[in-house]
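**Student:** Just passing along the structure, written as structure tokens.
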Amino acid sequence: MKVIFIDSTHPELPEKLTSAGMECDYRPEITSKLLQKTIHLYDGIVIRSRIPLDAEMLKHATRLKFIGRVGSGLENIDVEYAKSRNIVCFNAPEGHRDATGEHAAGMLLALLNNICKANEEVKKGQWFREVNRGIEVMGKTIGIIGYGNTGRCFARCLSGFNARMLAYDKYIYDYSDQWVTESVMDDLFEECDILSLHVPLTRETHHLVNESFLNRFRKEIFIVNISRGKVINTSDLVSGLKSGKVKGAALDVLEYEKSSFEELHRSSLPGNYQFLLENPRVIITPHIAGWTHESNRRLAEVMAQKIISSFGNIT
């Protein structure tokens, strides 16, 4: 089998595929135009997020048997079209779920305890204590939307803080465990102090968090988003922050990111983005939840195992 890598990955992934008898063509700088001209030469393609694999691209992939996404989300792949062509789509959420859960927990603690703000103040020679008095996780009710790989790891990371955790997932059942209580959304709307988002980006979740959604919460809430930026309507989030309905937000993702997640659409950033940057009740990281040295290797291991298990004996 001939496999092309169109994004950078940990070297263990091409090494393992090569050891399994596959021919790997490592071309992380290939352009979309050139890929379209050459994709017909390959049986497999390994991606992250740089080039979308839509139907227009995939119709040229006459030999393609699999797509391997070194990550979790599959929104850059036309999965339905791939299925119609009998192309198997792999992802590897198991590879970075622990790192993502840790990052979400860390962002929440930083937000509640003013850690980022206080750090910047001290570096400027300012020593403010009272204005940086924090809020404890203990005793709070945390709502988790999406109880898959990252949602479950986030709950595990916070399990020692003596908080009550409610989880809602539309697509699984009987998932109450030692960390969370399986719940319906009405429970979260009624009880939550903190909301954490762990869902993929789909038509259903696009702008899931909007004005009407936020207004259904009985309490003022803190929001953590390490899923996808477009799950939140940023304009409505800003309105919630201004009104006090949203007490603070920890955002690893923004809806202004390019599809590669490597940078923002800087030429069209609205005023709401500047508001988020300047608001001390908002902390932002550049889509690095799950982006650790350990997860980089683990993602490669998981992806290699999945590909080799299905295609390792095919020449």
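**Student:** Give me the distance in nm between label points sitting 7 Å out from Cα along the Cα-to-Cβ direction at Asn119 and Leu269, one decimal.
**Tutor:** If labels sit at Asn119 and Leu269, their model points lie 1.9 nm apart.
**Student:** For a footprinting-style exposure proxy, rank Ile226, Ile288, Ile30 by other Cβ within 10 Å, fewest first. Write out the running numbers ahead of the final one.
**Tutor:** Working: Ile226 26, Ile288 14, Ile30 19.
Arranged by neighbour count, lowest to highest, Ile226, Ile288, Ile30 become Ile288, Ile30, Ile226.
**Student:** In nm, what is the difference between 0.36 nm times the number of residues separating Glu94 and Thr38 and their Cα-Cα distance?
**Tutor:** 17.1 nm
**Student:** Given q = 0.07, 0.08, 0.11, 0.13 Å⁻¹, what are the Debye log10 I(q)/I(0) values for the chain, with equal point scatterers placed on the Cα positions and solvent ignored?
**Tutor:** Those come out to -0.31, -0.41, -0.74, -0.98, one per q.
**Student:** Please arrange Arg85, Arg133, Arg97 by counting, for each residue, the other beta carbons lying within 10 Å of its beta carbon, fewest first.
**Tutor:** Lowest to highest Cβ neighbour count: Arg133, Arg85, Arg97.
**Student:** May I pose another question? Is any helix in the chain, taking whole DSSP H runs, at least 18 angstrom long along its axis by alpha carbon and on average at least -1.0 on the Kyte-Doolittle scale, and which ones? Before the final figure, lay out each step's value.
**Tutor:** On the way: long enough: 93-112 (28 Å, -0.03); 293-311 (27 Å, -0.38).
Long hydrophobic helices here: 93-112, 293-311.
**Student:** So, one more: When a/c is below 1.5 the answer is rounded, else prolate if a/b is larger than b/c, else oblate, so apply that to segment 56-114 with a ≥ b ≥ c taken from the square roots of the Cα gyration tensor eigenvalues.
**Tutor:** Note, shape of segment 56-114 comes out prolate.
**Student:** Follow-up. I'd like the distance between the alpha-carbon centres of segment 71-109 and segment 135-193, rounded to an integer number of Å.
**Tutor:** First find each Cα centre; the distance between them is then 20 Å.
Only the coordinates and a few stated rules stand behind these numbers; no lab work does. This one's a predicted model, so the numbers in the text were calculated from it and none came from an experiment. Methodologically, a virtual Cβ is constructed for each residue, glycine included, from the backbone with ideal geometry; neighbour enumeration extends over all protein chains shown.
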